[in-house]
1. Over the chain, with the other protein chains present, what is the accessible area per residue in square angstrom, probe 1.4 angstrom?
2. Tell me the chymotrypsin sites (Phe, Trp or Tyr not before Pro) within the stretch 387-492 that lie in a loop according to DSSP and have at most 16 other beta-carbon atoms within 10 Å.
3. FRET efficiency for Ser78 and Ser435, Cβ-Cβ distance as r, R0 = 41 Å, nearest 0.05?
4. Starting from the 7 Å offset along Cα-to-Cβ, what nm value, one decimal, do you get for the label separation of Glu168 and Arg146?
5. Label point 7 Å out from Thr453 along Cα-to-Cβ: which residues of the stretch 114-153 have amide N under 19 Å?
6. Keeping all protein chains in place and using 1.4 angstrom, which order do Thr256, Thr403, Thr318 fall into by accessible surface area, from largest down?
7. Rounded, prolate or oblate: pick one for the stretch 160-267, where a ≥ b ≥ c are the square roots of the eigenvalues of its C-alpha gyration tensor, a/c under 1.5 means rounded, and failing that, prolate if a/b is larger than b/c, else oblate.
8. For the chain, with all protein chains present and a 1.4 Å probe, just round the carbon and sulfur fraction of the accessible area to a whole percent.
Amino acid sequence: MKHKDKDGKPINQLDKSSRMVSMLLLLFLLCGFSFYLGGVFCLEKNKLFAKDITRTDTKPVDYSKESIAAPFQIKPVSFPECSIDYQDYTPCTDPKRWKKYGYYRLTLMERHCPPIFERKECLVPPPNGYKLPIRWPKSRNECWYRNVPYDWIEKQKSNQHWLRKEGEKFLFPGGGTMFPNGVGAYVDLMQDLIPQMKDGTIRTAIDTGCGVASWGGDLLDRGILTVSLAPRDNHEAQVQFALERGIPAILGIISTQRLPFSSSSFDMAHCSRCLIPWTEFGGVYLMEIHRILRPGGFWVLSGPPVNYENRWRGWNTTMEEQKADYEKLQELLTSMCFKLFDKKDDIAVWQKASDISCHKKLTDHDVYPPKCDDGIEPNSAWYTPLRPCVVVPSLKLKNFGLTSIPKWPDRLHIAPERISEVPGGSSGAFKHDNSKWKVRVKHYKKLLPALGTEKIRNVMDMNTLYGGFAAAVIKDPLWVMNVVSTYGANTLPVVYDRGLVGTYHDWCEAFSTYPRTYDLLHLDGLFTAESHRCDIKYVLLEMDRILRPNGYAIIRESSYFVNAVATIAKAMRWGCRKEDTAYGIEKENILICQKKLWYSKRSSR
């Protein structure tokens with residue numbers, strides 16, 4: 001039977017078979033041709049990739065080492081000048097933003113950093129007529145008026161001899177509200193009350209409400225390193241005056257949050273008529289002093305309500321009111337395990353208990369203030385709210401009290417007991433870090449001869465571990481603010497146990513200082529550690545803000561970031577050069593940079 005097509009015509013079976021064979025043959029030829037083209041393409045592709053990965057040396061590949069990532073590149077950038085009214089811009093304590101926050105407990109003066117979309121991408125100009133700072137030690141007694149051009153503070157405090165203006169300079173005669181006869185006589189009296197200030201027992205101190213930091217400046221000659229603390233308030237630039245003089249200082253206020261220091265840090269705390277309401281709000285301000293003060297440490301108060309018998313007339317109050325305030329203060333201090341150590345004239349000294357027996361009583365029911373519960377980390381201090389409870393010293397550790405740690409300067413090179421609380425911390429790790437930084441600093445001084453001279457006074461180690469860099473330059477005429485990352489290992493207690501000073505900080509935010517306050521910024525692998533959280537552009541702009549004109553930066557960084565950092569630094573008008581490390585490590589380089597002095601185009605010099 002013959003098959004028919006759809007039109008009814010007969011189909012030849014042979015023709016049908018021939019067509020099927022032809023189609024199969026064509027399909028076969030197409031597949032073969034495709035295979036050929038694929039082979040040619042793959043061959044050419046292999047040639048291209050072979051060209052990219054061919055090694056120019058004959059050394060075998062060491063797969064035991066980390067693979068080196070391609071350098072991080074960034075397109076050339078440029079930054080405009082900020083307007084001249086930003087010459088004293090402090091991003092996280094900006095008075096222009098105070099109206100957003102309440103006056104309750106002066107929270108408006110605490111840290112309130114702008115959101116990302118409000119961050120400035122411009123270069124902060126110096127004031128009109130700015131001059132390079134006077135060098136240390138001359139700077140302790142004088143500074144250029146145009147560098148800190150604030151007339152208000154000079155007029156308001158002229159009768160207290162904080163400072164006075166003569167010609168083009170501010171002079172600092174060493175006066176203060178509670179030491180009209182000069183800070184030297186004031187500290188002499190304090191040393192008579194506290195003999196431990198003379199023999200190296202007391203090394204670190206904090207001055208709350210520091211004025212122009214005359215107290216901290218005087219203590220430098222007595223071997224005591226002081227962090228002067230003051231808010232940005234109506235006294236205008238107290239901290240800027242301190243740093244312009246070459247005295248350690250930081251912006252801060254005891255308000256609703258803990259100060260950015262670890263517990264049991266300072267050997268001594270001081271307040272000279274700083275008008276902090278110590279007994280108000282449940283005594284939380286005094287509890288914060290207790291937290292940061294080392295067991296056996298001293299708290300010194302001069303001013304109201306001390307010496308109320310003779311001073312009440314000058315304090316615009318009655319003697320009965322001042323007496324009641326003093327008794328209330330004494331009662332609170334006693335309940336917090338302080339005892340009155342000594343008192344004379346306008347100065348009263350209390351000592352924090354060094355043994356644990358008194359603090360154990362705080363666990364009893366119906367006592368105030370109570371012991372902080374175990375859920376409150378003693379060293380948590382970055383945006384941590386103040387709580388009405390007492391941080392009791394650790395029961396596990398015995399040798400971090402004032403009478404237990406070695407005296408200065410021996411304590412600088414002895415591994416503190418609290419290093420055992422740091423992950424990977426040990427006496428061996430401490431010694432290794434010390435040795436490493438001795439070699440590195442020796443190399444730094446070859447690359448930057450200004451280090452170790454009077455040209456560099458205020459120094460910041462932006463991401464320290466144990467304070468090894470600061471220890472290696474301890475004999476130079478400078479001081480170091482050691483910064484410990486809030487996202488890294490908590491090593492700040494070790495820094496303070498060594499007799500050095502420092503603070504917690506998150507470099508995704510601005511630092512608590514004024515512009516142009518540091519001569520040298522040092523960082524070791526900061527971008528490698530933090531670039532996943534912080535845009536390096538904003539970190540470098542912050543470095544430019546706080547660095548003095550003609551100041552230096554030593555940037556020790558992985559080779560992955562060096563070129564990108566150099567590109568941004570050039571846009572900030574820095575001059576940089578790349579150097580090898582002391583060990584010649586290929587994966588690490590050093591950038592030595594200097595910030596140029598420039599003036600705003602919108603102002604005359």
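1. Values: 29050 Å² over 605 residues.
Per residue, the chain has 48 Å² of solvent-accessible surface.
2. Numbers: sites: Phe400, Phe430, Trp437, Tyr444, Tyr466, Phe469, Trp479, Tyr487; in loops: Phe400, Tyr466, Tyr487.
Within the stretch 387-492, the qualifying chymotrypsin sites (Phe, Trp or Tyr not before Pro) (loop, at most 16 other Cβ atoms within 10 Å) are Tyr487.
3. 0.45
4. Distance between label points: 0.7 nm.
5. Under cut-off, by backbone N: 132-139.
6. Result of the area sort, largest leading: Thr403, Thr318, Thr256.
7. Numbers: a/c = 1.93, a/b = 1.12, b/c = 1.73.
Because a/c hits 1.5 or more and a/b fails to exceed b/c, the stretch 160-267 counts as oblate.
8. Values: 15810 of 29050 Å².
C and S atoms contribute 54 percent here.
The values are calculated or read from the model by the stated rules, or taken from the named source; none is laboratory data. Not measured: the values here are computed from a predicted model. Counting neighbours? That spans all protein chains shown, and the Cβs are built from the backbone with ideal geometry, glycine included. Side chains are part of the model used for accessible areas, which takes the heavy atoms of the whole protein and leaves out ligands, DNA and RNA. Shrake-Rupley method; radii C 1.70, N 1.55, O 1.52, S 1.80 Å.
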